[in-house]
Each structure stands twice: as C-alpha cells, then as structure tokens.
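Structure first, commentary second.
The values are calculated or read from the model by the stated rules, or taken from the named source; none is laboratory data. What you are looking at is a predicted structure, and each value in this text was computed from that prediction instead of being measured. Here the Cβ is made from the backbone with ideal geometry for all residues, glycine too, and neighbour counts use every protein chain on show.
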C-alpha cells in the first residue's frame, strides 16, 4: 500500500476521466461517489455494508462532529476511522458550508465565523486554522479548505467579494495544514456563475497548490442547466493531473453530466436521505414506495438489481414497513440506493475505460425514460 | 428434514429440560428464546442477522398483521415467511392478548371480540375460528389458541369465568384448526394464581390434546415472586412429552428461573425494545448507554461478547449515536441484546445437557451482582 496521496488517471473519454486516487488507507476508484456519514454514521447502514455496496471513501461533516461528540473526543478515542469502524479513506468538509446553511446564530469576519451550538448553546469559532485543526483531530484523509460557499443568486460584486475571501482563507488553510505526508488538502474554486471569477479563483488555487480541487458554490439552487453551463468551463481551469470534486452533487443525471464535463468525485445525502423517505433510485427512475400502487406488488424495487433489498424483498413488503414506520424500511431502501449509486459509478468507470461513455449515457437516459412501471 | 412437528427431549436437569422441536421448516433448540417480529420485522434488524444471533424461530403478532398489511394480503404474497424473508419456523399469537391490551374500542361476547382498527377505524372480529383462519393465512408453523389473557389481579370468580371461556375457545380453536400435518396448535393454560384453576385448565387442555402447551396469564404485572410461585406447579400439570411455552417472558433472570421450573420456550420484546431505548443486557447487568459515564469510554458494552456491536464499537460511540438519535444506535444495541439472549439460551441448554444448571445459574447471578462498572 502506498504511503503517499496521488492521483493516477488511467483513461479518458472526451473530458471524462477514470483513474485511481491512492492513499495510505486504500484506493479510491474514480469517478467516485462518497456516501455521507454526517454524524459518524451513514444513516441506517452498518459501515461494512456501505463498503459492500462498493464505496471506497466516506464523507464526514466537520460542523456536526465538532459539536457532538467533538473533535477532541474523537481524537482521544483514536480518530474518526476507529470511532465509526471505517478503516478506508474519509473526506471531511470544512464546516463552512454547514455553519452558513444550518446555523442562524453566526457572525462572520475576515478571521472566520463565530456561532452558537444548536445542541447546547455553547460558543464556537471556525476559522481556516481551527477547521484544519478539527479535521486533523478527526484523522481525515482528505481535508477541505475552509471557505465561504457563495449563495445563489449572488451579484457579480457579492460573488467577487466572497470568492476573494475564500481565496485568502485557502492560503491560510494551506499554511495551517502543514506538512502531512499521505494526507491531502483540497482547494475549493468559487466564483458563482461568473466565468472570469471562476478563472481568477482557479488561478489563485493553482498558485497555492493543492492535492486536489473542488468546484464549490454549485448545487445550491441554480438548477441543472446553469450548473452544467458552469461545468462546461470551470473544471477545465483546474489542474488536469489532480482530482476534481463537485461538492454536494447530486441526482444520478447530475452525476452523469458532471462526469462528462471532467469531474472525478461526488458526495450527496440523496441516496441515504431518500432511503429514509421511501424514494428508491432505479434504472427506470424513482420509485416512491409509499404509493398505494405498490401495496400488492410482488416485484422488487428493481428487477435488474442484485442488492440485498432487491434480492429478498417485494415492493409490497417495503410499502408495508414504510407505512408501519419500521426501521427496516430505512435500512433496506438506503442499502438499495447506495448500491444503485455505486453501480452507476462502476458503470461510468467501465464505460470511460472502454471509450463508450456516450453510449452508456444514452442508455442511461433511455432506461429512465421508460419509467418504473412495468406490466405485472 | 422432518415432515412432522415433534418434540424430542434429549436431557433433563431437575425440572429443566433440553431438546429439539422438529418442524418441516427447521429445528428449534430448547429452551428457546423467540425474538418478536411484531409487524413482519424484528425491529432494526435484518432477518439474516437475527438468524446469525442463533434464533431458530420468530414470533409474529396476529393483531398487528391482520390490521396491516392484512392476513389476506400476506397470503396472496406467498405467506409471512416469504413476505419478511425468514424461512425458518414462525410462531404467531392468537391476537387475543393484544386486542385486549392495545384496543379500547372492543366488545366481548361468548363468540369472540369485535373491535375497531387503530389505523383506519375499520371494524374487525376475532373469534377462535377467525384467529385460526388468520394464522393459517399467515402460514404460521406454531399457531396459538384464541384465548382471553386473564388480567392481574383477578378475583377467583373473575379468573374462573375467564379461564373457562378460554377453555371453550380452546376447543373451538382445535376444531377450526383442522388437520394440518407439520403445523402445530398450542393450547394456553389460564387460571391466574389459583392452583385449582390451573389444574382444571390443564385438564381441559389435555383432554382436547395439543402439540404444545403455553402457560398464559403470567408476566402481566404480578411480579417475579408470584410468577415463580405459579411456575412451581403450573408446568408440571402439562404433558411432559410436549413443549411448554411461557408467553411474553422475559428478563434474563425470569427466563433462567422459568427454565428451572420446566419451561421450554420464551418470547419477549425486551431485547429489541431495549435496543431502541439504549439499554443493553450484559453478563454484568444492564448498561444504560445514554448515561454520561459512557461518553469517553473506549470499552465495548461487554468485553466478553463476540457480537458485531461489541467487536467493533465503543460505549463512547454508542453513547454518541444514541444521543444523536442515529438509527445505527438501535441497530447495534438490538443486535447485541438479541445475541446476548441467544447466548444465554445456548448456555442454559449446554448446562442442562451436562447436568450443570445449578452451577450455571449461580454463576449467572454472581456475574450480574458485579454490576457493569469495571475499572477503566
């Protein structure tokens, strides 16, 4: 196993790339989807089962973990990997996005953000330096720069101010991160939907140098059309020899389109959250398991799926346990959704390797257009 | 595999017995603990994991299943085993206990009980004949007679009336059950804490003849002392060559004491319900995982336990996920509790086989007396 963090691109198809990110804790096959383990658990899943779906890496949320159980406690207990029983790579966000979106008791300055805990009212500070410290205490393999996720919509002026603040914080993050062989720090490009600002941001990040680069400030309400417009140029501005990560994305068709535009890494709560609200992702679109039409349906969610849910349980059963608010409903549908997402990524990787991504994407859209209703 | 339902007692130690109940769907090692799968799921567990703890048989609740998703629907979908993905034996109760304890919109007569569904207000009838029909539609391997669980306390007169009604219903249950090779119908002894009524009830059941016999009307608030007083004589009144089932019991020390008094089968929601409320059963007593003293504790729930929860997770982690109301908390602690119960039963069976039950019970009580607090 490697002692270094490195990205090896093994194949391209158009702008799409496939490869492997090597880390001391294991390889990450790209394009990669990272399930979200917010509070040191991928909700309703045991970590060995998340791994069994094909996940190479999880995402943890700095904001949630710093408040409970706290980064210092996790450090004393041996780090996040041991704490949550996941020995493969973990990426943590910086806490910046969530303190902005989840916490209304906050105050921003050039230095960072001060806020009160929603759990116990305690006061906290997040700065680039503190975010780096927390992510180090957690033992995160891929650390994200502390930044301000520019809200959408933003005027050109608002976006510029925000992006330039994030670039100063990126430099402070890099300095605070220090020299940690085997661990990676990713910069985050901002600039909203303004091409020249995306270029300025990319240039600032490239001059600092990171082990990977995220496209930030997307999937915040701008819609797929506008997101793809930005992705038509923004990833190209980032170094070709480093992984590119689109934060917080997304729906299956968002992922497919972003891969075609040169993105290598994704994370999203959608497959796990939908698992708890009874929405299942299938090759033929979304199944809303609570709908009455499933109540007598002996078929699995997806007859082409090999996950434990589809292998052993009918839609009728899932409809029943969802209505009865049984925990197994969340367990089974989350498992299916994570399996679906990982299978999608495996299909994408194979298609790129074979130079068949266009055909793969055509087939992907055609199957979805069929809808999930088949004759019984 | 056998095509018959039969009980083979392979060893005794005092009044305690160990053996095997053979059924076409698999063997049940006795003394046996049956996890409760009320609504076609053992809450927070996948059935293959319930099996992995050592469970040979599950219990399903007629009352819940008849209301949702309905017995007729489960029948159309291939029966309860297929519906919930459990191919081993299932015992179902008659619905009688729960319609009395959970439904306030009921009306009793000699014929049976009419009541309204708490889910949709629909009207239902439970009689011995209808209960047999529902349990047949579910595909239950061990069917329980429809009876009235005599409330505690009851006067001698109240208990007598109730017991005699249950004995008339037992005869109707036997007649309605019909001839179903490989399936079993169990009679239920009533009579509250009155020895002569227990004898009259046992005599009535013996004259009807059943494949097994339950001691009913206990664990309804009378306390362990009074329960054991009844168990000192009541099981002896039942046929020695048939399994004896103590319904709804119980705590680990209830089970140990009941085995010593000749009981072969148990069911209880305690290990699974406690799993969801953060109470873990261990050799050294109950651990309340939400207590602050666990917040930094790197030890597992029980350092002598080999379950997946104790193999990979600290009390600190469990404390965190319980406080954060994460589903994995219920999943892990339920798994541990079911593992503990099955390990207890395996220990009891081995001790009886070796004629060492008294030593086993002494050790059981001594370890519990130590409490769960050990030096860190």
**Request:** Pull up region A:1-19, narrow it to residues that are surrounded by fewer than 19 Cβ atoms within 10 Å (Cβ to Cβ) and out of contact with any helix residue (DSSP H, G or I) (no Cβ under 8 Å at 6 or more places or on another chain), then point me to the one that is modelled with the lowest pLDDT.
**Result:** A:1
**Message:** Given the condition more than 17 Å from residue B:318 (Cβ to Cβ) and within 13 Å of chain B (Cβ to nearest Cβ), answer yes or no: does some residue in region A:82-93 qualify?
**Reply:** yes
**Message:** Let me spell it out: the conditions are (1) farther than 30 Å from residue A:42 by Cα; (2) under 22 Å from the mean Cα position of the chain (by Cα), and residue B:341 meets all of them except one. Which number is the exception?
**Reply:** (1)
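Results for (1) farther than 23 Å from residue B:42 by Cα; (2) more than 8 Å from every other protein chain (Cβ to nearest Cβ); (3) in contact (Cβ under 8 Å) with a residue 60 or more places away in the chain; (4) in contact with a strand residue (DSSP E or B) (Cβ under 6 Å, 6 or more places away or on another chain), shown as yes or no for each residue.
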| site | (1), (2), (3), (4) |
| --- | --- |
| B:290 | no, yes, no, no |
| B:297 | yes, yes, yes, no |
| B:307 | no, yes, yes, no |
| B:310 | no, yes, no, no |
| B:316 | yes, no, no, no |
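With surrounded by fewer than 24 Cβ atoms within 10 Å (Cβ to Cβ), in the same structural domain as residue A:109 (by TED's automatic domain parsing) and not in a loop (DSSP other than H, G, I, E, B) as the only criterion, which of A:180, A:198, A:172 stands out?
Working: A:180 fails: not in a loop (DSSP other than H, G, I, E, B); A:198 fails: surrounded by fewer than 24 Cβ atoms within 10 Å (Cβ to Cβ).
Among A:180, A:198, A:172, only A:172 is surrounded by fewer than 24 Cβ atoms within 10 Å (Cβ to Cβ), in the same structural domain as residue A:109 (by TED's automatic domain parsing) and not in a loop (DSSP other than H, G, I, E, B).
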**Request:** Taking residue B:314 as the residue in question, decide whether it is surrounded by fewer than 24 Cβ atoms within 10 Å (Cβ to Cβ) and within 14 Å of residue A:84 (Cβ to Cβ).
**Result:** yes
**Request:** Working carefully through the options A:351, A:346, find the one that is in contact (Cβ under 8 Å) with a residue 60 or more places away in the chain and buried (at least 19 other Cβ atoms within 10 Å of the Cβ).
**Result:** A:351
**Residue that is at pLDDT below 95 and at positive phi, where the choices are B:121, B:112, B:78** = B:121
**Request:** Identify, from the list B:315, B:244, B:284, the residue that is at pLDDT below 95 and at negative phi.
**Result:** B:284
**Prompt:** Can you tell me which residues in region B:323-339 are in a helix (DSSP H, G or I) and either surrounded by fewer than 23 Cβ atoms within 10 Å (Cβ to Cβ) or within 11 Å of another protein chain (Cβ to nearest Cβ) (or both)?
**Reply:** B:323, B:327, B:328, B:329, B:330, B:331, B:332, B:334, B:335
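Evaluate region A:155-168: report whether one residue or more is under 30 Å from residue A:27 (Cα atoms) and part of a helix (DSSP H, G or I). Outline the logic, then answer.
The first filter runs over region A:155-168 and keeps only residues under 30 Å from residue A:27 (Cα atoms), leaving A:166-167.
Next, only the ones that are part of a helix (DSSP H, G or I) stay: A:166-167.
Yes, some residue in region A:155-168 is under 30 Å from residue A:27 (Cα atoms) and part of a helix (DSSP H, G or I).
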**Fill in**
Only one of (1) facing another protein chain (nearest Cβ under 9 Å); (2) in contact with a strand residue (DSSP E or B) (Cβ under 8 Å, 6 or more places away or on another chain) does not apply to residue B:62, and that is (1)
**Complete:** Among the residues of region B:35-59, the number that are in contact with a strand residue (DSSP E or B) (Cβ under 8 Å, 6 or more places away or on another chain), free of Cβ contacts under 8 Å to residues at least 60 places away in the same chain and away from chain A (no Cβ under 12 Å) is 2
**Asked** Say we look at region A:272-288 and pick out the residues that are closer than 14 Å to residue A:323 by Cβ and away from every other protein chain (no Cβ under 14 Å); which of these is surrounded by the most Cβ atoms within 10 Å (Cβ to Cβ)?
**Response** A:278
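Residues checked against (1) touching a residue at least 24 places away in the same chain (Cβ under 8 Å); (2) outside the structural domain of residue B:59 (by TED's automatic domain parsing); (3) surrounded by fewer than 21 Cβ atoms within 10 Å (Cβ to Cβ); (4) assigned to a helix (DSSP H, G or I):
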{"position": "B:110", "(1), (2), (3), (4)": "yes, no, yes, no"}
{"position": "B:114", "(1), (2), (3), (4)": "no, no, yes, no"}
{"position": "B:118", "(1), (2), (3), (4)": "yes, no, yes, no"}
{"position": "B:121", "(1), (2), (3), (4)": "no, no, yes, no"}
{"position": "B:124", "(1), (2), (3), (4)": "yes, no, yes, no"}
{"position": "B:133", "(1), (2), (3), (4)": "yes, no, yes, yes"}
{"position": "B:140", "(1), (2), (3), (4)": "yes, no, no, no"}
{"position": "B:153", "(1), (2), (3), (4)": "yes, no, yes, no"}
**Message:** Just to be sure I understand, how many residues within region A:178-214 are in contact with a strand residue (DSSP E or B) (Cβ under 8 Å, 6 or more places away or on another chain) and under 12 Å from residue A:150 (Cβ atoms)?
**Reply:** 4
**Asked** Looking at region B:20-34, which of its residues are in contact with a strand residue (DSSP E or B) (Cβ under 6 Å, 6 or more places away or on another chain) and either within 19 Å of residue B:93 (Cα to Cα) or surrounded by 23 or more Cβ atoms within 10 Å (Cβ to Cβ) (or both)?
**Response** B:21, B:28, B:30, B:32, B:33, B:34
**Count of region B:210-251 residues which are out of contact with any helix residue (DSSP H, G or I) (no Cβ under 8 Å at 6 or more places or on another chain) and assigned to a strand (DSSP E or B)** = 3
**Prompt:** So, in region B:68-95, of the ones that are touching a strand residue (DSSP E or B) at 6+ places or on another chain (Cβ under 7 Å) and outside any strand (DSSP E or B), which residue ends up surrounded by the fewest Cβ atoms within 10 Å (Cβ to Cβ)?
**Reply:** B:88
**Request:** Only residues that are in a loop (DSSP other than H, G, I, E, B) and in contact with a strand residue (DSSP E or B) (Cβ under 7 Å, 6 or more places away or on another chain): list them for region B:340-376, please.
**Result:** B:355, B:371, B:372
